[in-house]
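Input: a single structure, listed below in structure tokens.
The values are calculated or read from the model by the stated rules, or taken from the named source; none is laboratory data. Note that the structure is a prediction, hence the values are computed from the model and not measured. Note: ideal-geometry Cβ built from the backbone for every residue, glycine included; neighbour counts use all protein chains shown. Note: accessible area is taken over every heavy atom of the protein model, side chains too, but ligands, DNA and RNA are not part of it. Shrake-Rupley method; radii C 1.70, N 1.55, O 1.52, S 1.80 Å.
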Amino acid sequence: MSTIQMQDFASMPASPISSRQTQPSAQALSPVAFKTFVQVLTKTSSKTEKAPLLTSGALSTEDFFADISSFVRTLTPSSPAAEAIGVTTAENAFQGFWAAIKAAERFEQAKKIHDRGGMVESRIDEVRGIFQSVGGLNFLGYRTLMIPAILYNVDTSIQATSSLGLSAYILGMVGTVAFLMFYLMIGAWAGYSLAELLSFKADMKAHESEKLLDFLARKVVADPKIKLQKLFTENNAGKIVAFKEKLTRIALSKFASCFLQWQKELIQKGELSEKPLTKKKVKEICKTLFVSKERETRELLRSSNSKLLTDWGLTTLELIGLKLEQMRIQAKKEAKFSRVTNGDCTEAVKKALKGGLRERLKEEDPFVKEAAQTELSELKGKIVSENTKNQWIHSALIAIAILGVASVIIGFVLLNPAGAIALAVITLLLVTGMMAVDRYMMLEGWKKGKAPGQYDKIFIIVICLVMIAALAVSIGVTLGFQLLLLPMILSCGVGGVNLALGALSYYQLTQKEKDWRESHPDLQRFKILLDSIAQDAELNAEATALFKKLSKEDRLAIRKKYSELNSKGECHLRQEKYKQWNIHNDFERFYLMHEIYEDSLDETESLLMLSAMKKSVKFFWEKWAETQDPEDCKRALKLQSALERVKQKQRADLPRFFCEWVKDDEIYNRLKKEIWYVVKRQESVADLNHVVSEVIKDRMNTLPIATEQAERAQIAPLIRRVCKMDAA
């Protein structure tokens, strides 16, 4: 494509261009396609919590099965019954395979965001899983062969001459070596993770309370302005140019990758007959396209990036590259912080920063500062607690790894009676340690509030069936060959305990699943509850609690529908008292005055007032986080001061705050909007039921097409035009 053709791309016609054409058509490129093209790449992907396939509630139950079996077998001599019940060891084949798959997924995620720590951790864990799986498979064969070998007194040592004995020896040896490597990898993985945990603990301890939040902010939040400020402060023209070129490359590479993926899908569907473009060609076209569309794309991004556009004069491509790089660094920071604490702590820090905790700690108002210090103290306690808990877990894993390696080496080297005693003692310590860790992981997996695994209960059923099959073999062999009953009795005891544990686990996972459904309701379920309540009544506690459990998307849709119906005059206040207050369309003012000056609202109404204030405070803190406008920070602090006094029932200063709110249209209008919404939602079940019905109806009338598919459908004409233009 020539330079002239690329520069005139924005006005190219939809049909292929003849080689005889010297001037492009004046037909403009579809703004919808181009706008979607930009927004798809720069939007922040929503974090929907997907149910995992399996969780530790099921996987650790199987581990606990194996621990119990191993503990009993350590105390008893080898027998066909014991070998049969020892099949639980073979389930390491699946456990290791699954661990390796999950570790490989973590590695790819870490590689994508350049998280070296995550790449090292996941790669070690992947190798650990592979050795565990190999060991499990070999011991499955070993225990299967050992049953006939014991029954017919076949030698299974290194001097074995029969194929049965030699096969059992080889499988046992390979399995033992694999588990030796498994324990070494556990030690390496736990050691690496513990080093990260201790390093974070030392860093956190080095920061005093007033610096703690800044430290946490650096650990969790990626701020692109820091890099820009450093570059422009140094005033090194070469570094600035290199950095901007890097941002452009990042943007173009991302656009080209997605563009080629969409192009591939169009070709597969038979909707694109032109010659596919190369990545290099797509980059050239996109670069020219953005130059020609600079003003339009800057407008698309101006709202949330005005400071970056004006203070540093970034081009659109540079700004998009900066945002993509920020998203990568943000993901990297969150991954690293979650490894040394957990995901909940990461979200808690982000929420605190977004809620203006840094600004509230600096505020002179004693009510605001005291509440902020309490919040910081609670946040610190949560982080320290999780970090300490993780340290204990990884320390225990290191101890298990040491004991595991020692048991294997002693089993190889010391074949005398003293060695046998030492081996038994170390094995008992090893199994006891594994039981403690696996029990903890199992109980954590049973906890309510966490997403259940899609196949957790099926997994429990499968391992119980394996246990029943092992018991059948144990009983059958013992009775069929008239062997001693004691090993069979012990095996049945192990099997009975494990089956009881499986039943308990199944029950706990069922309760967890039930709790998850109850805490994640949909609109249909919420409407069923509303239908069962008297329509002329206020919203009761049960309905209010269920409403709060709806997804953010559902709650925002309900709020939007309320606003829409109110603008059409279809959502009037129903209570006579509220109607009187609304004679001059100023219901919210009277509501505020009755709360602040007269303290005459009932308990429910006061709680609604508190809710409205919380929503307003949240609105201005989030706005401040986005715009960094000092006025938004002042408004948030004003509302925060009043909110803390309302919480502590210190009402003396509230009239002063009311006067300040009335003078500030931003604060006053936001408060009025929040008061109307929370009061209206509470006062009439019938109106809320109607609103929910309308939201459901709107969704049913929406074409069932995924957002991503819709975006690609809009971009498809752009892709076709680019390919046709290049072919011409």
Need pairs with beta-carbon distance below 6 Å; first residue over 12 Å from L486 (Cβ atoms) and within region 67-88, second part of a helix (DSSP H, G or I) and among the acidic types (D, E); sequence gap 6+ or separate chains. D67/D438
Taking the condition among the aliphatic types (A, V, I, L, M), in contact with a Leu (Cβ under 6 Å, 6 or more places away or on another chain) and surrounded by 17 or more Cβ atoms within 10 Å (Cβ to Cβ), does A256 pass? no
Considering region 238-253 alone, what residues qualify as being open to solvent by 20 Å² or more (accessible area, probe 1.4 Å) and either modelled with pLDDT under 85 or under 32 Å from the mean Cα position of the chain (by Cα) (or both)? F243, K244, K246, T248, R249, I250, S253
If I ask for residues that are farther than 22 Å from R328 by Cβ and either small (G, A, S) or in contact with a strand residue (DSSP E or B) (Cβ under 8 Å, 6 or more places away or on another chain) (or both), which ones from region 232-286 would you list? A237, G238, G270, S273
Collect the residues in region 67-92 that are among the hydrophobic types (A, V, I, L, M, F, W, C) and open to solvent by less than 20 Å² (accessible area, probe 1.4 Å), keeping them in residue-number order. A81, A82, A84, I85, A90
Counting only residues in region 365-387 that are within 14 Å of L197 (Cα to Cα) and touching a residue at least 24 places away in the same chain (Cβ under 8 Å), the one most open to solvent (accessible area, probe 1.4 Å) is identified as V384
Could you go through region 557-577 and let me know if any residue there is among the aliphatic types (A, V, I, L, M), over 21 Å from the mean Cα position of the chain (by Cα) and open to solvent by 50 Å² or more (accessible area, probe 1.4 Å). no
Checked region 317-364 for anything among the basic types (K, R), surrounded by fewer than 18 Cβ atoms within 10 Å (Cβ to Cβ) and farther than 23 Å from E196 by Cα; matches are K351, K354, R358, K362
So which of L499, L529, L509 is assigned to a helix (DSSP H, G or I), closer than 28 Å to R73 by Cα and among the aliphatic types (A, V, I, L, M)? L499
State all residues of region 632-652 that are exposed (fewer than 14 other Cβ atoms within 10 Å of the Cβ), among the charged types (D, E, K, R) and without any contact (Cβ under 8 Å) to a residue 12 or more places away in the chain; if no residue qualifies, say none. K649
Any idea which of (1) surrounded by fewer than 13 Cβ atoms within 10 Å (Cβ to Cβ); (2) assigned to a loop (DSSP other than H, G, I, E, B) is the one L277 doesn't satisfy? (1)
L501 passes all but one of (1) exposed (fewer than 14 other Cβ atoms within 10 Å of the Cβ); (2) modelled with pLDDT of 95 or more; which number fails? (1)
How many residues of region 265-274 are open to solvent by 40 Å² or more (accessible area, probe 1.4 Å), part of a helix (DSSP H, G or I) and closer than 12 Å to C723 by Cα? The answer is 1
Looking only at region 152-161, how many residues end up being open to solvent by less than 70 Å² (accessible area, probe 1.4 Å) and out of contact with any Phe, Trp or Tyr (no Cβ under 6 Å at 6 or more places or on another chain)? 2
Restricting the search to region 608-634, which residues are over 27 Å from the mean Cα position of the chain (by Cα) and more than 26 Å from A222 (Cβ to Cβ)? L608, M609, L610, S611, A612, M613, S616, K634
Kindly indicate the residue of region 582-599 that is open to solvent by 60 Å² or more (accessible area, probe 1.4 Å) and outside any helix (DSSP H, G or I) and also modelled with the lowest pLDDT among those meeting that condition. D599
Qualifying residues in region 600-627 (those that are of a type outside the set (S, T, Y) and outside any helix (DSSP H, G or I)) - the one surrounded by the most Cβ atoms within 10 Å (Cβ to Cβ): L601
Considering only region 202-229, how many residues are open to solvent by 50 Å² or more (accessible area, probe 1.4 Å), touching a residue at least 24 places away in the same chain (Cβ under 8 Å) and either β-branched (V, I, T) or in contact with a helix residue (DSSP H, G or I) (Cβ under 6 Å, 6 or more places away or on another chain) (or both)? 2
Within region 124-146, is there a residue that is of a type in the set (A, V, I, L, M) and open to solvent by less than 30 Å² (accessible area, probe 1.4 Å)? yes
Would you mention how many residues in region 93-118 are open to solvent by less than 10 Å² (accessible area, probe 1.4 Å) and either acidic (D, E) or touching a strand residue (DSSP E or B) at 6+ places or on another chain (Cβ under 6 Å) (or both)? 1
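Yes/no matrix, rows are residues, columns are (1) modelled with pLDDT of 95 or more; (2) surrounded by fewer than 21 Cβ atoms within 10 Å (Cβ to Cβ); (3) more than 21 Å from T88 (Cβ to Cβ); (4) touching a Ser or Thr at 6+ places or on another chain (Cβ under 7 Å):
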residue	(1), (2), (3), (4)
K448	no, yes, yes, no
V466	no, yes, no, no
A469	no, yes, no, no
T510	yes, yes, yes, no
D522	no, yes, yes, no
A534	no, yes, yes, no
